[in-house]
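Novice: Okay, handing you the structure first.
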Amino acid sequence: MRAYKSKVVAPIRLPDREERAANLERAGYNAFELDSADVFVDLLTDSGTGTMSQDQWAAMMRGDEAYAGSESFDELEAAVSDVMGFDRILPAHQGRGAENVLYGALVSEGDYVPNNTHFDTTRAHIANAGAEPVDCPVEGALSGDRTFAGNLDVGKVRDLADDVGADRIPAIVVTITNNSLAGQPVSVENLRAARDAADDLDATLVVDACRFAENAYFVREREPEFADASIAEIAREQLSYADAVVMSGKKDGLVNVGGFVGLRPGDDDLFERARERAILYEGFTTYGGMAGRDVAAMAVGLREAVESSYLDDRIGQVRRLGDMLADRDVPVVRPTGGHAVYVDAGAFLPEIPAERFPGQALVCELYREGGVRAVELGSLAFPDTDRPELVRLALPRRTYGADHLEHVAETFGAVAERRDAGEISGLEIVDEPEMAELRHFSASLRPVA
Ligand SMILES: Cc1ncc(COP(=O)(O)O)c(C=O)c1O
């Protein structure tokens with residue numbers, strides 16, 4: 001049940017079928033190129049697309065726009081310290097800004113960086129620093145025991161160190177929840193094991209914490225040690241093992257823009273290197289590319305994100321969508337993760353081979369049939385990696401209601417009918433950017449028989 005009511009509304013409109021087909025063609029069969037005014041239910045991302053609370057809007061009015069030493073920064077610093085346990089922060093305009101600040105200071109040419117699974121911008125930043133991003137998910141993560149399917153395979157990290165030498169692994173990253181692996185959670189036990197490995201290899205343990213509150217919710221549900229703990233306690237506990245966090249506030253900061261790097265007081269050398277980069281690329285260290293009002297809103301949002309009533313509604317909504325799709329025989333990854341329902345497009349459209357991008361074909365059909373926008377996270381987004389052909393339906397926070405979810409489920413039904421009639425074709429790339437890691441953002445495609 002929603003623990004809030006609507007106070008501001010934004011109209012949405014479903015263009016007719018012909019218009020949708022024309023929009024798809026004009027967008028080069030790439031959902032990132034669609035205009036939001038032409039999208040009815042927008043599940044492209046949960047990043048920065050949520051609805052802020054009245055307390056956040058009130059905080060925005062009080063935002064201190066001073067270039068240096070703003071009160072809003074003090075509020076954010078206090079919130080990060082209370083909620084996440086990090087006492088030193090460097091604000092950034094969003095998560096990838098924080099990644100640029102931290103990884104540029106931590107990682108060098110020729111290094112290797114293991115991660116439970118790199119998100120696309122993380123992969124790109126590690127590669128941009130001249131290092132090799134190495135995915136270390138647990139074997140068969142999505143087919144075996146899914147209690148904590150997002151976990152890092154610490155054994156693989158240790159094997160990597162044996163192969164390349166521990167001195168070439170400056171950082172181990174754990175992404176909570178594991179966005180690229182169906183938003184599945186990571187256990188505290190796994191974070192403890194990652195800590196041990198980081199100590200043994202003399203590496204910095206970084207947690208990509210953008211969905212830390214959602215992860216804490218699953219820990220309370222599934223890790224017996226924490227059954228009676230509060231979300232706030234678990235949130236701090238799981239992050240206590242990290243030396244640093246990178247945070248996109250656009251997720252569990254409950255804001256439309258913003259992010260930060262969190263560091264421990266002890267590591268002055270790393271802090272100084274990161275601080276220099278923050279000033280160079282983001283802005284002075286008390287605003288980091290955000291307006292003071294955005295900083296103020298994030299300070300409030302971080303505290304709201306660990307409230308149980310909010311998370312019950314949030315995770316419950318994702319589960320309901322997953323159940324509605326499964327009831328219609330759509331192959332969804334279950335149990336669902338925190339922020340999104342992931343559909344196995346390879347299984348849903350078995351006639352379309354990987355090189356014809358079944359995930360992207362499904363994304364296009366969801367728009368064509370119901371004006372629903374989703375995102376492909378398979379062989380288009382992650383070229384040359386052996387990933388399942390997933391399509392993600394990410395739910396913006398506190399935004400859509402049950403009738404919107406019903407519309408999405410019905411749209412899947414309409415796509416299934418077209419599939420059964422043999423009307424859905426695969427796609428080929430017409431044009432793509434130089435940086436392969438970023439191709440799903442801007443590639444253009446066309447249908448092929
Ligand atoms: C796990 C993860 N890390 C980093 C980022 C990058 O954050 P941003 O979009 O704020 O740059 C994202 C964004 O979706 C993410 O999911």
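The values are calculated or read from the model by the stated rules, or taken from the named source; none is laboratory data. As the structure is a computational prediction, the values presented were derived from the model and not from experiment. So basically every Cβ, Gly included, is an ideal-geometry build from the backbone, and we count neighbours across all protein chains shown. Calculation scope for accessible area: heavy atoms of the full protein, side chains included, ligands and nucleic acids excluded. Shrake-Rupley method; radii C 1.70, N 1.55, O 1.52, S 1.80 Å.
Novice: For L239, work out the one condition from (1) within 21 Å of E99 (Cα to Cα); (2) open to solvent by 10 Å² or more (accessible area, probe 1.4 Å) it doesn't fulfil.
Specialist: Result: L239 fails condition (2) only.
Novice: Same structure again: Which of the residues belonging to the stretch 38-76 are over 30 Å from V372 (Cα atoms) and among the hydroxyl-bearing types (S, T, Y)?
Specialist: Y67, S70, S72
Novice: For the list (1) surrounded by 19 or more Cβ atoms within 10 Å (Cβ to Cβ); (2) in the same structural domain as T411 (by TED's automatic domain parsing); (3) within 16 Å of the ligand (Cβ to nearest atom); (4) of a type outside the set (S, T, Y), I need the number of the one condition that F32 fails.
Specialist: (1)
Novice: Read through the list (1) among the aliphatic types (A, V, I, L, M); (2) outside the structural domain of D312 (by TED's automatic domain parsing); (3) within 26 Å of E428 (Cα to Cα), then give the number of the only condition that I12 fails.
Specialist: (3)
Novice: Still on this structure, please answer the following. Within the stretch 96-183, considering only strands (runs of 3 or more DSSP E) that don't extend past its boundaries, which have at least 3 residues that are open to solvent by less than 20 Å² (accessible area, probe 1.4 Å) and within 27 Å of V375 (Cα to Cα)?
Specialist: 112-115, 171-175
Novice: Check whether at least one residue in the stretch 220-231 is part of a helix (DSSP H, G or I), without any contact (Cβ under 8 Å) to a residue 24 or more places away in the chain and touching a helix residue (DSSP H, G or I) at 6+ places or on another chain (Cβ under 8 Å), and report yes or no.
Specialist: Within the stretch 220-231, one or more residues are part of a helix (DSSP H, G or I), without any contact (Cβ under 8 Å) to a residue 24 or more places away in the chain and touching a helix residue (DSSP H, G or I) at 6+ places or on another chain (Cβ under 8 Å).
Novice: Let me ask something else about it. What do you reckon, is V318 modelled with pLDDT under 95 and more than 25 Å from V206 (Cβ to Cβ)?
Specialist: No.
Novice: Going through the stretch 236-277 one residue at a time, which ones are within 16 Å of the ligand (Cβ to nearest atom) and either without any contact (Cβ under 8 Å) to a residue 60 or more places away in the chain or in a helix (DSSP H, G or I) (or both)?
Specialist: The answer is Q238, L239, D252, G253, R277.
Novice: Can I ask one more? I'm trying to understand the selection: among the residues of the stretch 38-79, which are of a type in the set (F, W, Y) and in a loop (DSSP other than H, G, I, E, B)?
Specialist: If the condition is that a residue be of a type in the set (F, W, Y) and in a loop (DSSP other than H, G, I, E, B), then F40, Y67 are the ones that fit.
Novice: Residue check: is G301 in a helix (DSSP H, G or I) and over 16 Å from the mean Cα position of the chain (by Cα)?
Specialist: yes
Novice: Quick one: which residue in G63, G95, G110 is within 16 Å of the ligand (Cβ to nearest atom) and of a type outside the set (A, V, I, L, M, F, W, C)?
Specialist: Of the residues listed, the single one that is within 16 Å of the ligand (Cβ to nearest atom) and of a type outside the set (A, V, I, L, M, F, W, C) is G95.
Novice: Does any residue of the stretch 321-343 turn out to be open to solvent by less than 20 Å² (accessible area, probe 1.4 Å), farther than 24 Å from V186 by Cβ, out of contact with any strand residue (DSSP E or B) (no Cβ under 7 Å at 6 or more places or on another chain) and in the same structural domain as A443 (by TED's automatic domain parsing)?
Specialist: Checked the stretch 321-343: no residue is open to solvent by less than 20 Å² (accessible area, probe 1.4 Å), farther than 24 Å from V186 by Cβ, out of contact with any strand residue (DSSP E or B) (no Cβ under 7 Å at 6 or more places or on another chain) and in the same structural domain as A443 (by TED's automatic domain parsing).
Novice: Residue check: is F73 in the same structural domain as A171 (by TED's automatic domain parsing), of a type in the set (F, W, Y) and away from the ligand (no atom under 15 Å from the Cβ)?
Specialist: Criteria met by F73.
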